[in-house]
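What follows is a set of notes on a single structure, which appears directly below.
The values are calculated or read from the model by the stated rules, or taken from the named source; none is laboratory data. Just so we're clear, the structure is a prediction, and the values are computed from it rather than from any experiment. Cβ coordinates were reconstructed from backbone atoms using ideal geometry, including for glycine residues, and neighbour counts include every protein chain displayed.
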Amino acid sequence: MIVTDKISDIRNIIKEQKLSGKKIGLVPTMGYLHEGHLSLVRISKKHSDFVAVSIFVNPIQFGPNEDFDRYPRDLERDLKLLEKEGCDLVFAPSVEEMYPSELLTTVNVDKITDKLCGAFRPGHFKGVTTVVAKLFNIFTPDIAVFGQKDAQQVAVIKKMVEDLNFPVEIIKAPIVREVDGLAMSSRNVYLNSEERKAALILSKSLKEAEKLLLNGERNANTIIKKVNEVLNSEPLCKVQYVSCVHPDTLEDLTYIKDKALIAIACFIGTTRLIDNILWEEKYNAKVYDEI
Ligand code: PAF
């Protein structure tokens, strides 16, 4: 496994790999890897011949009162995990390598970034699309894998790729959960033991939504009401939003016809957690496989 913090190294290595006919897969991450990230690496391996992972806590996607400084970091541990997974290349740049001078050019996807998480994290998605566009230009990957856990992020990146003709296929990977149902997240490390128990309310509320859907409920407001009710039954949980939207356009749904994304964001203590389920009518079930 090659590890570098230099953009010029990445360009040379990728050029060589492409010349030898390899299909390049990229898994962009902010590090502090867990099983969810490793599942993205495995999926990337299935769809490409050379797997690259970037590890970069991107300052421009954090708001002034967010957790950039305290975001967990452990490069040594991450590298061990990636080596074990058979990753080929790791890019772990400094902030100076990624942003060597004042950044005057950004990439912004309009409209769909104003809702869900975007409504509460102004500028967040502009930071994400800008860094992802930079990573796509640095790696020129054939495929890139992102987790469904950040459902809005996937929709926004897909739209950016479509609008700006990036020659990369975006693969959406299913959410990986702890055995008790909590969606894996690097931020779970912030939870104390009481909060960790309370955080289970997120997946429990979505289970209730799934039950309603399986029983034929298609009224979005009924589902949203139920999810809110379950979340509010947990005293440590402060709901930020519960939404039922189309997974691609992120348009609010009143009635579920073919597909729906039920997405939630809550604070458990001071930790902001998100979770979601993706419903596809044709399967009459949650979607589990990468798409
Ligand atoms: O999902 C993440 O970890 C980040 O938002 C990403 C895509 C690596 C961009 O910094």
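Enumerate the pairs (first residue in region 95-114 and more than 17 Å from residue 56 (Cα to Cα); second residue anywhere and assigned to a loop (DSSP other than H, G, I, E, B)) with beta-carbon separation below 8 Å, excluding pairs fewer than 6 apart on the same chain, so at least 6 apart or on different chains.
What qualifies is 112/249; 112/250.
Taking the condition of being over 20 Å from residue 138 (Cα atoms) and not in a loop (DSSP other than H, G, I, E, B), how many residues in region 83-93 meet it?
Total satisfying the criteria: 3.
Return a yes/no flag: does region 81-92 have any residue that is in contact (Cβ under 8 Å) with a residue 24 or more places away in the chain, surrounded by 13 or more Cβ atoms within 10 Å (Cβ to Cβ), over 17 Å from the mean Cα position of the chain (by Cα) and within 30 Å of residue 253 (Cα to Cα).
No, region 81-92 contains no residue that is in contact (Cβ under 8 Å) with a residue 24 or more places away in the chain, surrounded by 13 or more Cβ atoms within 10 Å (Cβ to Cβ), over 17 Å from the mean Cα position of the chain (by Cα) and within 30 Å of residue 253 (Cα to Cα).
Residue 197 passes all but one of (1) under 23 Å from residue 118 (Cβ atoms); (2) free of Cβ contacts under 8 Å to residues at least 60 places away in the same chain; (3) not acidic (Asp, Glu); which number fails?
Residue 197 satisfies every listed condition except (1).
Six or more apart or on different chains, Cβ atoms under 7 Å: show the pairs whose first residue is in region 18-44 and within 24 Å of residue 95 (Cβ to Cβ) and whose second is part of a loop (DSSP other than H, G, I, E, B) and among the aromatic types (Phe, Trp, Tyr).
The qualifying pairs are 30/56; 30/71.
Kindly indicate the residue of region 241-291 that is surrounded by fewer than 16 Cβ atoms within 10 Å (Cβ to Cβ) and in a strand (DSSP E or B) and also modelled with the lowest pLDDT among those meeting that condition.
Result: 285.
Go through region 29-82 residue by residue and tally those that are in a strand (DSSP E or B), within 14 Å of the ligand (Cβ to nearest atom) and more than 18 Å from residue 96 (Cα to Cα).
2
Name the one entry in 102, 96 that is part of a helix (DSSP H, G or I) and not polar (S, T, N, Q).
96
Of the residues 182, 202, only one is under 30 Å from residue 31 (Cα atoms), touching a strand residue (DSSP E or B) at 6+ places or on another chain (Cβ under 9 Å), surrounded by 18 or more Cβ atoms within 10 Å (Cβ to Cβ) and touching a residue at least 60 places away in the same chain (Cβ under 8 Å); which?
202
Given (1) more than 12 Å from the ligand (Cβ to nearest atom); (2) hydrophobic (A, V, I, L, M, F, W, C); (3) under 19 Å from the mean Cα position of the chain (by Cα), where does residue 2 come up short, assuming only one miss?
Residue 2 satisfies every listed condition except (3).
In this structure, is residue 131 of a type in the set (Val, Ile, Thr), under 12 Å from the mean Cα position of the chain (by Cα) and buried (at least 17 other Cβ atoms within 10 Å of the Cβ)?
No, not satisfied.
Filter region 92-123 for residues that are within 16 Å of residue 54 (Cβ to Cβ) and away from the ligand (no atom under 11 Å from the Cβ) and give the result.
If the condition is that a residue be within 16 Å of residue 54 (Cβ to Cβ) and away from the ligand (no atom under 11 Å from the Cβ), then 92, 93, 94, 95, 96, 97, 99 are the ones that fit.
Just to be sure before I move on: is residue 214 of a type in the set (A, V, I, L, M) and modelled with pLDDT under 95 in the structure I sent?
yes
Got a sec? Which of 43, 24 is of a type in the set (A, V, I, L, M), crowded, with 16+ Cβ neighbours inside 10 Å, in contact with a Ser or Thr (Cβ under 8 Å, 6 or more places away or on another chain) and at pLDDT 95 or above?
From the options 43, 24, the qualifying one is 24.
Can you tell me which residues in region 228-240 are more than 20 Å from the chain's Cα centre (by Cα), among the polar types (S, T, N, Q) and not in a loop (DSSP other than H, G, I, E, B)?
The answer is 228, 232.
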